[in-house]
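Here the structure is laid out as structure tokens; the discussion comes afterwards.
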Amino acid sequence: MKEPLRLGLTGGIGSGKSTVAKMLAECGAAIIDSDAISRATTASGGVALPAIAAAFGPQMLGADGALDRAAMRQLVFSDPSARQKLEGIIHPLVSQEVDRQARLASDQGKKCLVFDVPLLVESGARWRGKLDRVLVIDCPAPTQIERVMARSGISSEEVQRIIDAQASRESRLCAADIVIYNGAGVSLSTLRESVQSLVVSLGL
């Protein structure tokens, strides 16, 4: 049986990456969402929680038993070593679950596995070796800020901080094999056409 195409999907916050993932799923691709997997490890009952409580203290868990995201966000913004420690706990667990879902989709005969990875470029070789191609959803920062403010109700300064903590637009474009532009003037139907053209060009 032919191996499925392994497509990495990435883009900055507010770029429309999740919308593109949904469109690719409608075309028959299997979506393996590393962010959703990562969130599940720190949700109530998540597999990462005992190690997080041991490393950072039980105060990092909220009343519901899940990771207190706001407290952890503050800590990693102020202390880069805390981010490394947290990633050292979560990344191996996410990797195991990503591999499990990929094997399952492959066994089900999926022709394309889409690895939805927000921080694909930031992770360097860790992801690149798993992928055949990298698809970047490109979007200028002012549009990202506008979309995230409208969607999440957070301030432009906070969105800018998140953008600054992610890979630059230039480094993302350098890492791309395929680029779909999704700036302010791009309608949903135009975006869908771009995705469908891509699906055809990849032979899916």
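Worth a mention:
- Just one of the listed residues (Val195, Val199) is within 24 Å of Met23 (Cα to Cα), part of a helix (DSSP H, G or I) and at pLDDT below 95, and it is Val199.
- From Pro142, Pro118, residue being touching a strand residue (DSSP E or B) at 6+ places or on another chain (Cβ under 9 Å) and on the phi < 0 side of the Ramachandran plot: Pro118
- Ile37 being under 20 Å from Asp99 (Cα atoms) and touching a Leu at 6+ places or on another chain (Cβ under 9 Å): yes
- Filter result for Arg103 (exposed (fewer than 12 other Cβ atoms within 10 Å of the Cβ) and among the basic types (Lys, Arg)): yes
- Among the numbered conditions (1) over 18 Å from the mean Cα position of the chain (by Cα); (2) of a type outside the set (Asp, Glu); (3) part of a loop (DSSP other than H, G, I, E, B), the only one that Gly12 does not meet is (1).
- Tally of residues being among the β-branched types (Val, Ile, Thr) and either open to solvent by 60 Å² or more (accessible area, probe 1.4 Å) or modelled with pLDDT of 95 or more (or both) across segment 158-185: 3
- Filter result for Lys17 (out of contact with any His (no Cβ under 8 Å at 6 or more places or on another chain), crowded, with 20+ Cβ neighbours inside 10 Å and at pLDDT 90 or above): yes
- Considering (1) under 30 Å from Ala184 (Cα atoms); (2) under 16 Å from the mean Cα position of the chain (by Cα); (3) part of a helix (DSSP H, G or I); (4) not polar (S, T, N, Q), the lone condition that Leu131 does not fulfil carries the number (3).
The values are calculated or read from the model by the stated rules, or taken from the named source; none is laboratory data. This one's a predicted model, so the numbers in the text were calculated from it and none came from an experiment. We place every Cβ from the backbone using ideal geometry, glycine too, and count neighbours over all the protein chains shown. SASA here: full protein model, heavy atoms, side chains in, ligands and nucleic acids out. Shrake-Rupley method; radii C 1.70, N 1.55, O 1.52, S 1.80 Å.
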